[in-house]
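The values are calculated or read from the model by the stated rules, or taken from the named source; none is laboratory data. If you're wondering where the values come from, they're calculated on a predicted model, not measured in any experiment. Cβ placement follows ideal geometry from the backbone for every residue including glycine, while neighbour counts extend to all protein chains displayed.
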Amino acid sequence: MDKHTDCEDACQLKEAKGYHSCQQTGLCAWLEGTNGYRSMRFAYADPPYLGCGKLYAMHHPDAMDWNEPETHRRLVERLCAEYPDGWAMSLSTPSLRVLLPMCPLDCRIGSWVKPFAVFNPNVPVAYAWEPVIFRGGRRRGRDEPTVRDWHSENIAMKKGLPGAKPPKFAMWIADLLGVDWTQDTIEDLFPGTHGMSLIWKERIPMLEEAPV
Ligand SMILES: C[S@@+](CC[C@H](N)C(=O)[O-])C[C@H]1O[C@@H](n2cnc3c(N)ncnc32)[C@H](O)[C@@H]1O
């Protein structure tokens, strides 16, 4: 398909952050929104990790389904189909070799590193990091800060939910996806302790206070 000339010109503008989807489709899709900028819809998925369904069986009768790779395959398919703008998914290091091949080749792997993690006496090498597979995201301008593909934060304490993420984790996920706080959304498919909606509340007042 020929490139749309107007679109290509417009995409050269520093403000044209919709360039990413424009490149993908070959169409001038981003021009549909006001001032050439469309809102994006992302997802974060933090399901029961492969083999860990039992941890959630008390509240979910079908929790053991998450011990089956096929359940995770369906989740990856859903993420790709419903969230073409971008998504991120947490998983454990032991399941990485099973789940990564289910993901499209343009996915990347981020790492949540845990300086303080659980050390079990019968595990000589601790499981002290967790992968995050992520895809897509808003294309950012050169004037915006570069985001690291790793995040260092201690495990969440006293949240009462196995697998709950620590306070700054959700902000890192949002940064990986390049969220525009004024108009994008991230749907948290397994919210648990609601870390994602809490950072939203935290970030929006900051924007309102920012000088114009
Ligand atoms: C790893 S935890 C998510 C933790 C969350 N991101 C947080 O920071 O609190 C997995 C979540 O999936 C939820 N869940 C939803 N549907 C489930 C199902 N069918 N079987 C098991 N857990 C399920 C659990 O209740 C749990 O909150």
Being closer than 21 Å to TRP129 by Cα and either part of a helix (DSSP H, G or I) or more than 9 Å from the ligand (Cβ to nearest atom) (or both) is the filter here; which residues of segment 46-68 pass it? LEU50, GLY51, GLY53, LEU55, TRP66, ASN67
Take ILE155 and tell me if it is in contact with a helix residue (DSSP H, G or I) (Cβ under 6 Å, 6 or more places away or on another chain), assigned by TED's automatic domain parsing to the domain that holds CYS80, within 12 Å of the ligand (Cβ to nearest atom) and of a type outside the set (Phe, Trp, Tyr). no
Among the residues of segment 129-148, are any within 11 Å of the ligand (Cβ to nearest atom), farther than 20 Å from ARG78 by Cβ and assigned to a loop (DSSP other than H, G, I, E, B)? no
Can you name the residue in segment 158-177 that is assigned to a helix (DSSP H, G or I) and within 12 Å of the ligand (Cβ to nearest atom) and, of all such residues, is farthest from the chain's Cα centre (by Cα)? PHE169
Going through ARG108, ARG142, ARG135, ARG97 one at a time, which residue ends up being exposed (fewer than 13 other Cβ atoms within 10 Å of the Cβ), basic (Lys, Arg), at pLDDT 95 or above and assigned by TED's automatic domain parsing to the domain that holds GLY178? ARG97
